[in-house]
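The values are calculated or read from the model by the stated rules, or taken from the named source; none is laboratory data. Keep in mind the model is a prediction, meaning the values are calculated, not measured. As a convention, Cβ positions derive from the backbone with ideal geometry for all residues, glycine included, and neighbour counts pool all protein chains shown.
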Amino acid sequence: MSKRNRVFLLLGPETGKKAQFVEKIVGDRKKKYGEKPEIYRFYPYGLDTKDVVSILRNGSLFASSKIVLINKFEELRGKKLLDPVIDYCKDPSDDAVLILLSDSVKDIPVSVKKLVPKENTVIFWEMFESEKKGWIINFFNRNKIRIEQDAVNSLLDMIENNTRMLKEECTKLAQFFSEGALITADKIEDFLYHSKEENVFSLFARMVQRDFSSSLDVLDSILLSKETDADKVLSGILWQIEKLLLFRRLIDSSYQTDEALSKAGIIGKRNQKNYNTGSKNFKTPELERIIRLIYETKVRLRTYGNELHTLILQLFFYYVILKAGKSPWLKGSG
């Protein structure tokens, strides 16, 4: 495998297309080696990049190749953390792929950019806000359903910021509302938080209340529906925790609540209430730790069979709600 296919730098905010690109890399490795590679995902909070490089350098007992992803790479700061990555990029391993992912396009060290082949540096731009709004309106027009502008804004705020999720949620709404219906912002919130089926939004609401028993009830309902698997549940929680972390950091920086909500793009009374509750119940370092725990939990989901996935998620919510993210799964978290 040529050197140019061992390190990738994937930039930009469009996570849906970025995820598809990563899946293609996984598929290419599986085709080349005849089996799926081991996949490791890391987050910058509390990360020791020497451990990451060690995984990349050392051979695996369970697979012929491995893929290592460092998410939110733009938040990795300091010579001590960056130097091991830079040194690795100079001479990457033959049986491993390192993928550096960043929502930002600008905040990447020049020393890293120079070491990644140009053809392996890809920017994934999301649709402009006006384009997304137009896409939603046209989608419902094709289904003979009207949607108010406030409802469009509310929908964009409550959907993970990528094209795949946008299409999935709009399809669900189109199936729920009958032809000729008018969708309002209140109806959007009612659908997401009070539909007959529980979802990652209602689960997040229970989680930020730190209500462990109720969270497990919602989790069971979601998993029993068979429409969402364990990994998707974690992805939905991750997206909301990241937004809560942004909101919490703004509050820490002395922004007024209304200003912080607006700057974080959090609209809708019920939605804002949930994020306010989360900000009061979880501190910034705790949210950072929870994000690390999500990625560690995803690793466990891939390591163990489906029969253990429910137990793994139950343990995850136990560590989040009752221990503020402290878990034996995380190095040094207690």
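For the reader, a short list of remarks on this structure follows.
- Count - residues of segment 286-334 that are hydrophobic (A, V, I, L, M, F, W, C), out of contact with any Gly (no Cβ under 9 Å at 6 or more places or on another chain) and not in a helix (DSSP H, G or I): 2
- Of all residues in segment 231-259, those that are within 21 Å of ARG289 (Cβ to Cβ), in a helix (DSSP H, G or I) and either of a type in the set (Lys, Arg) or at pLDDT 90 or above (or both) total 17.
- Subset tally (residues that are surrounded by fewer than 16 Cβ atoms within 10 Å (Cβ to Cβ) and polar (S, T, N, Q)) for segment 58-83: 2
- Selection count, segment 226-261, where residues are surrounded by fewer than 16 Cβ atoms within 10 Å (Cβ to Cβ) and either of a type in the set (Val, Ile, Thr) or in contact (Cβ under 8 Å) with a residue 60 or more places away in the chain (or both): 3
Here's the yes/no breakdown for (1) more than 26 Å from GLY12 (Cβ to Cβ); (2) not assigned by TED's automatic domain parsing to the domain that holds SER262; (3) not hydrophobic (A, V, I, L, M, F, W, C):
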| site | (1), (2), (3) |
| --- | --- |
| TRP135 | no, yes, no |
| PHE139 | no, yes, no |
| ILE147 | yes, yes, no |
| ASP150 | yes, yes, yes |
| LYS167 | no, yes, yes |
| THR171 | no, yes, yes |
| ALA174 | yes, yes, no |
| GLY180 | yes, yes, yes |
| ILE183 | yes, yes, no |
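- Check on SER130, small (Gly, Ala, Ser), without any contact (Cβ under 8 Å) to a residue 24 or more places away in the chain and farther than 21 Å from LEU10 by Cα: yes
- Scanning segment 199-210 finds one or more residues that are within 25 Å of the chain's Cα centre (by Cα), surrounded by fewer than 19 Cβ atoms within 10 Å (Cβ to Cβ) and closer than 20 Å to LEU287 by Cα.
- Checking each residue in segment 307-334 for being over 26 Å from ASP51 (Cα atoms) and free of Cβ contacts under 8 Å to residues at least 60 places away in the same chain picks out GLU307, LEU308, LEU311.
- Annotation note: of ILE222, ILE183, the sole residue that is buried (at least 20 other Cβ atoms within 10 Å of the Cβ), β-branched (Val, Ile, Thr), modelled with pLDDT of 85 or more and over 23 Å from THR310 (Cα atoms) is ILE183.
- Qualifying residue in segment 299-309 (condition: in contact with a helix residue (DSSP H, G or I) (Cβ under 9 Å, 6 or more places away or on another chain) and of a type in the set (Val, Ile, Thr)): no
- VAL152 passes every criterion in (1) surrounded by 16 or more Cβ atoms within 10 Å (Cβ to Cβ); (2) touching a residue at least 24 places away in the same chain (Cβ under 8 Å) apart from (2).
- Filtered by the rule that a residue be surrounded by fewer than 19 Cβ atoms within 10 Å (Cβ to Cβ) and either within 17 Å of GLN240 (Cβ to Cβ) or free of Cβ contacts under 8 Å to residues at least 24 places away in the same chain (or both), segment 157-166 gives ASP157, ARG164, MET165.
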